[in-house]
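Participant: Pasting a structure below so you can have a look.
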Amino acid sequence: MIKIAPSILASDFSRMGENVKEIEHAGADWIHIDVMDGQFVPPITFGHQMVEAIRPLTSLPLDVHLMVQAPENQIEYFAKAGADCISVHVEATNHLHKTIHSIKQAGLKAGVVLNPGTYADVVIPVIQDVDFVLQMTVNPGFGGQSFIPTTLNNIKRLRALIDEYQLPVDIQVDGGINVETAKACVEAGATILVAGSSIFQADHYEKAIAEIRG
Ligand code: DX5
Ligand code: ZN
């Protein structure tokens, strides 16, 4: 079962509430929320208060992708705000194992994120502890970038590791996902597809989501 997680980074910020309800109605499975701090990546987007504002508007899981330095300092805030999943970059913390465990202890799903230039095997020490691995398929920071084809090698490697250990771990992909790249990622082993521009710039959200799902 492939899950689609529209990224609200590509939504109209002045109509965030309506956009969230529209994508739920259009068949989205998760809502992907890109938190950027101006340090780990140059832009600043929004924080836990945005999650708190969206929480009452949808019953879908809120999937918080933390593109922040020292994500360990944010877990409690996002958990209290109503997040269902929190993912943290291996490149952003010195305390990966501890941070993943504090996400789990808060009762949330935990994800570990890899940039396109990061070696996939770095997740091996925590792969039994996470619910999903997020393989970035662009460099994080901006929506609307082109998919980086070499990230397919990392997806395949992650799929082999997860199958080898027989773990119930999903592979999420994020960045430049459209109908064509989604197909390639699913063939490589991805199970959760994040898509921003290809959904929010489409005329019909429902059609766009169904086509990406394949
Ligand atoms: C990039 C973000 C993505 C972004 C994807 O740093 O993590 O979630 O919103 O946007 P598209 O689908 O437009 O590449
Ligand atoms: Zn993201």
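Participant: Sort out which residues of segment 51-67 are closer than 27 Å to LYS207 by Cα and in contact with a strand residue (DSSP E or B) (Cβ under 9 Å, 6 or more places away or on another chain), and write them in order of number.
Facilitator: Within segment 51-67, VAL51, ILE54, ARG55, THR58, LEU60, PRO61, LEU62, ASP63, VAL64, HIS65 qualify.
Participant: If a residue has to be more than 14 Å from ligand 1 (Cβ to nearest atom) and touching an Asp or Glu at 6+ places or on another chain (Cβ under 9 Å) to count, how many in segment 189-205 make the cut?
Facilitator: Going through segment 189-205 one residue at a time, the tally reaches 2.
Participant: Check LEU96, LEU108, LEU60, LEU66 and return the single one that is within 22 Å of ALA160 (Cβ to Cβ) and modelled with pLDDT of 95 or more.
Facilitator: LEU96
Participant: Let me ask you something else. Do we find a residue being more than 23 Å from ILE31 (Cα to Cα), surrounded by fewer than 16 Cβ atoms within 10 Å (Cβ to Cβ) and touching a Lys or Arg at 6+ places or on another chain (Cβ under 9 Å) anywhere in segment 121-129?
Facilitator: Yes: one or more hits.
Participant: Take VAL88 and decide whether it is within 16 Å of ligand 1 (Cβ to nearest atom) and under 25 Å from THR58 (Cα atoms).
Facilitator: Values: within 16 Å of ligand 1 (Cβ to nearest atom): yes; under 25 Å from THR58 (Cα atoms): yes.
So VAL88 fits the description; yes.
Participant: Return the residue satisfying two criteria in turn: it lies in segment 12-36 and is in a loop (DSSP other than H, G, I, E, B) and touching a strand residue (DSSP E or B) at 6+ places or on another chain (Cβ under 9 Å), and of such residues it is nearest to ASN73 (Cα to Cα).
Facilitator: Checked segment 12-36; the qualifying residue nearest to ASN73 (Cα to Cα) is TRP30.
Participant: Which residues, taken from segment 159-181, are of a type in the set (A, V, I, L, M), over 17 Å from VAL112 (Cα atoms) and within 15 Å of ligand 2 (Cβ to nearest atom)?
Facilitator: Of all residues in segment 159-181, those of a type in the set (A, V, I, L, M) come to 160-162, 167, 169, 171, 173, 177, 179.
From what's left, over 17 Å from VAL112 (Cα atoms): 177, 179.
Of everything in segment 159-181, just one residue is of a type in the set (A, V, I, L, M), over 17 Å from VAL112 (Cα atoms) and within 15 Å of ligand 2 (Cβ to nearest atom), namely ILE177.
Participant: Here's another thing I want to ask about it. So, GLU187, is that one of a type in the set (Asp, Glu), in contact with a helix residue (DSSP H, G or I) (Cβ under 6 Å, 6 or more places away or on another chain) and over 24 Å from PHE13 (Cα atoms) or not? It would help to see each step written out before you state the result.
Facilitator: On the way: of a type in the set (Asp, Glu): yes; in contact with a helix residue (DSSP H, G or I) (Cβ under 6 Å, 6 or more places away or on another chain): no; over 24 Å from PHE13 (Cα atoms): yes.
No; evaluated as a whole, the condition is false for this residue.
Participant: Out of VAL133, VAL138, I need the residue that is within 11 Å of ligand 1 (Cβ to nearest atom), β-branched (Val, Ile, Thr), under 18 Å from VAL186 (Cβ atoms) and not in a helix (DSSP H, G or I). Which one? Before the answer, list the steps.
Facilitator: Working: VAL133 fails: within 11 Å of ligand 1 (Cβ to nearest atom).
Result of the check over VAL133, VAL138: VAL138.
Condition check ((1) within 16 Å of ligand 2 (Cβ to nearest atom); (2) more than 30 Å from GLY17 (Cβ to Cβ); (3) outside any loop (DSSP other than H, G, I, E, B)) across all residues:
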| position | (1), (2), (3) |
| --- | --- |
| GLY117 | no, yes, no |
| PRO149 | no, yes, no |
| LEU152 | no, yes, yes |
| ARG157 | no, yes, yes |
| ALA190 | yes, no, no |
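Participant: Sticking with this one: Among (1) assigned to a loop (DSSP other than H, G, I, E, B); (2) in contact with a Gly (Cβ under 8 Å, 6 or more places away or on another chain), there is one condition GLN39 misses while meeting the rest; what is its number?
Facilitator: (2)
Participant: For segment 118-133, indicate whether the set of residues that are farther than 25 Å from ILE209 by Cα and among the charged types (D, E, K, R) is non-empty. First the steps, then the outcome.
Facilitator: At the first step, the residues of segment 118-133 found to be farther than 25 Å from ILE209 by Cα are 118-130.
In the following step, the residues that additionally are among the charged types (D, E, K, R) were identified as 121, 129.
Yes, some residue in segment 118-133 is farther than 25 Å from ILE209 by Cα and among the charged types (D, E, K, R).
The values are calculated or read from the model by the stated rules, or taken from the named source; none is laboratory data. Predicted, not measured: the structure shown is a model, and the values here were computed from it. Heads up, the Cβs are rebuilt from the backbone with ideal geometry, glycines too, and the neighbour counts pull from every protein chain shown.
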